[in-house]
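Every number in this text was worked out from the coordinates using simple rules, so none of it is lab data. Keep in mind that what you see is a predicted model, and the values were worked out from it rather than measured. Note that each Cβ is placed from the backbone with ideal geometry, even for glycine, and that neighbours are counted across all protein chains shown.
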Amino acid sequence: MEKLVKQAIVALNGDEAVALAVKQCDVDVVAAYPITPQTIIVEKYSEYVANGEVQTEFVCTESEHSAMTACLAASATGVRVFTASASAGLALMHEMLFVTSGSRMPVVMAVANRALSSPLNIHGDQSDSMAERDSGWIQIYVENAQEAYDSIIQAFKIAEDVGVSLPMIVGLDGFTISHTLEKVEVFPQEAVKQFVGERPLPSVLTHEGKTVPFKLDPKNPMTMGPNVSPNFYFEFKRQQEEGMKNALKKIQEVNTEYAALSGRSYGDGLVDAYRLDDAEIAIVVVGSTAGTLKVIVDQLRQEGVQAGILRLRTFRPFPVEELRNALKSVKIMAVMDKSISFGGFGGTVFTETRNALYDAKIRPTIVSYIFGLGGRDSSPHDLRKIFEDLIQISKTGQVETQVRYYGLKE
Amino acid sequence: MSREKSWKEISIAGVCSKSSVGFMTGDWKTYTPIRDVAKCTKCLTCVMFCPEAAIKWSPDIGDIEFDFNFCKGCGICANDCPTKAITMKIEGE
Amino acid sequence: METQGWKFTSEEIAAKPDLFLSGHRACAGCGPASTLRLIMKATRGPTIVTHATGCMEIVGSIYPYTSWAIPWLHTAFENAAANASGIDAALKALQRKGQLKEHIDIIAIAGDGGTYDIGLQALSGAIERGHDFLFVLYDNEGYMNTGIQRSSSTPIGASTTTTPAGTVIPGKLERKKPIDEIMLAHEMPYVATATIYYWKDLLTKVRRGLEVEGPAFLHVFAPCPRGWRSDPAKTIEYSKLAVESCVFPIWEAVNGKRHLSAPSKLIGPSPQRKRPVKDYLAGQGRFRHLFTPQNQHILAELQRQTDERWERLLQKCESGC
């Protein structure tokens with residue numbers, strides 16, 4: 001077990017924390033396009049480049065689609081890559097997200113979660129990356145700037161693992177995390193470089209009959225991105241799914257390894273339970289709102305209510321077993337979604353949670369709360385009302401509305 | 001006949017595992033090029049133009065050779081030969 | 001720009017191993033296939049090719065078979081130039097770290113679809129950023145791989161599956177986009193046009209494009225017998241007629257200074273060498289409807305546009321612009 005490494009305390013906002021983490025991870029290529037609220041990431045990184053503090057090729061592409069393409073192509077050449085986006089930019093990359101995952105390129109991307117148009121809204125909401133849940137990217141959502149810093153460092157290790165070989169999104173709530181100054185503990189450069197190490201490459205069999213490292217290399221030519229018939233496509237998709245399965249284990253492993261150095265662990269890496277051991281009512285949530293909810297849980301506990309929260313850190317791959325385990329004592333819960341999937345039965349995280357708990361020995365009552373869209377704020381006072389709704393349900397046994405819009409002007 | 005490979009056995013990301021020289025396109029042709037060696041000046045125009053790389057120049061024998069395993073019978077070689085040394089005939093005639 | 005003056009003989013080129021291999025599934029008589037074979041003959045060392053979706057990308061990469069003897073990447077349709085940007089950045093990073101000692105050439109290949117239309121943005125961006133790569137456009141004047149639909153490269157009057165020659169509208173009404181002028185406007189180090197018939201000229205231009213440090217653009221006119229409804233045997237002959245009729249003049253521009261290449265240069269002072277456009281159009285099924293009395297005016301318009309562009313080109317070349 002390695003000793004805890006001494007860390008410095010700095011004041012950084014979420015975006016700056018991400019930029020610093022990228023700087024320390026010895027990233028070779030950053031190809032990005034600015035979009036609020038991710039702009040500080042690219043601006044800060046540009047400063048590092050301009051001052052010679054990093055050895056990165058920084059490519060200011062002319063659109064996000066080209067940014068993702070350039071990252072994919074650079075990754076295919078065997079180097080470590082990073083990018084960042086949000087909202088409409090992420091949506092513009094949509095085609096390439098699938099291609100990057102299908103090409104098994106471990107691109108790491110920070111998404112400063114922001115609402116999608118139309119109408120245009122620059123504020124925080126998770127609809128942008130939730131909409132990309134089918135694309136084959138690992139998705140981790142952070143609670144604060146500290147976790148943003150830690151998760152970016154962990155991301156390279158997770159994504160680049162040969163058994164995973166999938167790209168990864170680290171989501172941080174737009175403005176709430178990206179632009180809020182917080183106290184962040186950071187490692188010295190050497191410690192991070194050592195932790196992340198060099199990028200390993202999986203092996204592939206080429207048309208020359210050789211098994212060689214998976215990269216574009218004139219010494220070992222290979223053809224990447226061919227067209228395949230119905231006779232072959234399915235198997236490649238199954239391989240990606242296997243990468244996701246391996247990611248479940250890898251995320252937990254990396255969380256443990258990182259905790260040994262930093263003293264910080266985020267639950268088991270997949271789910272972050274707070275006072276859930278004997279909780280009877282609970283809220284499942286993704287992102288920074290968890291921080292506010294923890295304060296309310298403490299208040300309720302003081303009042304004798306057995307409340308708890310589960311912050312879902314890893315959304316893809318969805319941690320079914322870990323979720324079931326964490327929530328096993330809960331009888332009534334709310335799942336809060338800071339995103340919307342039109343025409344669905346409740347929010348996205350609600351749907352996936354309910355699906356995972358369908359086979360639980362005792363099926364809890366689950367209510368969907370769609371909240372915070374377009375950066376609509378909720379104070380601790382407001383959020384307490386959700387717990388009060390759950391207490392009400394536990395008293396009456398009645399769920400009047402299963403899908404609720406929290407904070408909406410009705 | 002060998003069984004098809006499972007998802008566990010093939011390389012990730014669709015990296016191609018065979019060279020196309022194993023796929024003989026020669027059976028596509030209806031017409032086949034016939035060269036009158038006497039008229040051929042070895043200008044190598046046909047070698048340059050053939051889309052299939054099916055006409056090869058062998059420096060050791062100092063002559064060209066047609067690779068009918070890949071010739072699709074397009075007729076470019078016959079059309080562009082400066083001395084009209086190549087004619088296209090229906091295969092099998 | 002100093003070129004390294006590459007000299008070659010037919011025998012040397014003929015004996016050089018092909019890097020775009022036999023067994024690809026292009027149509028018989030495919031112009032672009034001939035083009036790619038020749039392009040690859042002009043490579044000078046380690047090369048990486050990146051390709052936009054289209055005929056040539058598909059026919060050479062039908063899993064599990066590949067026709068590419070060099071490292072090759074395809075990702076999507078509109079981003080050959082963005083692929084090249086990423087590879088260029090990665091190679092520079094590797095060189096800076098001391099992990100790569102040799103120079104590797106990057107060639108981005110796209111059809112007219114992946115260049116003129118959906119690919120224009122990525123191409124413009126990559127040029128502006130100054131990445132070191134050669135972009136080769138194989139122009140067969142239509143989206144051939146998806147079934148011969150019109151592109152902005154399709155000339156006026158051509159019948160395509162999205163601009164069919166009907167009873168009311170006789171084929172495409174818009175003129176061919178002048179992509180080369182757009183490329184020249186980017187003030188890039190090297191822009192050139194070439195075609196298959198003049199293969200020595202084509203090879204020389206590919207090599208010059210590779211030698212340039214920074215972005216280079218090569219526009220190759222590559223007839224498609226399937227899309228043009230023409231005799232596959234005459235594919236290369238059509239590329240010659242395109243030059244002789246000044247429909248596709250060939251030239252090169254080094255740092256913006258444009259010079260006509262020999263076959264086109266000969267026509268300037270000797271206009272009698274200039275063949276009428278209808279000699280080039282004859283035998284192409286896509287233009288057959290232009291030879292009817294009611295469509296004569298379109299034929300005349302095509303001749304007029306060709307003449308106008310040719311005259312303008314002559315002036316620009318003389319003034320060295």
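Data overview
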read-out	value
Residue (of B:Thr45, B:Phe66, B:Ile90) at the positive-pole extreme of the stretch B:33-90, dipole from beta-carbon charges	B:Ile90
From phi via Karplus (6.51, -1.76, 1.60), per-residue ³J(HN,Hα) for the stretch B:62-73 in Hz, x at Gly/Pro	x, 8, 8, 9, 8, 9, 6, 5, 10, 4, 9, x
Dmax and Rg, reported as Rg then Dmax, of the stretch A:24-166 (C-alpha, Å)	14.1, 42
Relative contact order (percent, whole number), the stretch C:28-90, Cα cutoff 8 Å, 6+ residue spacing	33 percent
In the stretch C:1-79, GluC sites (Glu not before Pro) in a DSSP loop with at most 11 other beta-carbon atoms within 10 Å	C:Glu2
Share antiparallel - DSSP beta bridges, the stretch A:1-157, percent rounded to 5	0 percent
With at most 13 other Cβ atoms within 10 Å, longest stretch of chain B clear of loop trypsin sites (Lys or Arg not before Pro) (DSSP)	B:40-83
Neighbour-limited loop hits for chymotrypsin sites (Phe, Trp or Tyr not before Pro), the stretch A:241-345 (at most 14 other Cβ within 10 Å; DSSP other than H, G, I, E, B)	A:Phe342, A:Phe345
The protein assembly as shown - convex hull of the alpha-carbon atoms, volume per residue in Å³	202 Å³
Relative contact order (percent, whole number), chain A, Cα cutoff 8 Å, 6+ residue spacing	16 percent
Of A:Lys294/A:Lys328; C:Lys172/C:Lys274; A:Lys219/C:Lys41; C:Lys274/C:Lys316, those spanning more than 21 Å from alpha-carbon to alpha-carbon	C:Lys172/C:Lys274
Average partner coverage of A:51-63, which counts Cβ from other chains inside 10 Å	4
Projected-area average for chain A over all orientations - Cα convex hull basis, square nanometres	21.8 nm²
Those trypsin sites (Lys or Arg not before Pro) in the stretch A:226-300 that DSSP places in a loop and that have at most 10 other beta carbons within 10 Å	none
Other protein chain Cβ atoms within 10 Å, averaged over every residue that makes up A:201-210	5
10 Å Cβ neighbours from other chains, averaged over peptide C:14-21	5
Point-charge dipole on Cβ atoms (K/R +1, D/E -1) for the stretch B:33-90, about Cα centre, debye to 20	220 debye
C:Asp307 paired with A:Glu241, simple spin-label distance in nm, labels 7 Å along Cα-to-beta-carbon	6.6 nm
Inter-label distance, nm, simple model (7 Å from Cα along the C-beta direction), C:Ile169/C:Thr292	1.7 nm
Calculated diffusion of the stretch C:183-258, Stokes-Einstein form, Kirkwood radius summed over Cα pairs, 25 °C and 0.890 mPa s, µm²/s	187 µm²/s
All Cα pairs of the stretch C:10-318, percent lying beyond 35 Å	16 percent
Only Lys, Arg (+1) and Asp, Glu (-1) charged, at Cβ; the stretch C:93-176 dipole about Cα centre in debye	140 debye
222 nm mean residue ellipticity, helices alone, for chain C (DSSP H n ≥ 4; -39,500 (n - 2.57); rounded to 500)	-10000 deg cm²/dmol
Rg(Cα) / (2.2 N^0.38 Å) computed for chain B, rounded to two decimals	1.44
Whole-angstrom gap from the stretch A:115-137 to the stretch C:9-77, using each part's C-alpha centre	40 Å
Radius, Kirkwood style, for the stretch A:271-406 when every pair of distinct Cα atoms is counted (Å)	14.7 Å
Mean shadow area of the stretch A:177-321 over all directions, Cα convex hull, nm²	14.1 nm²
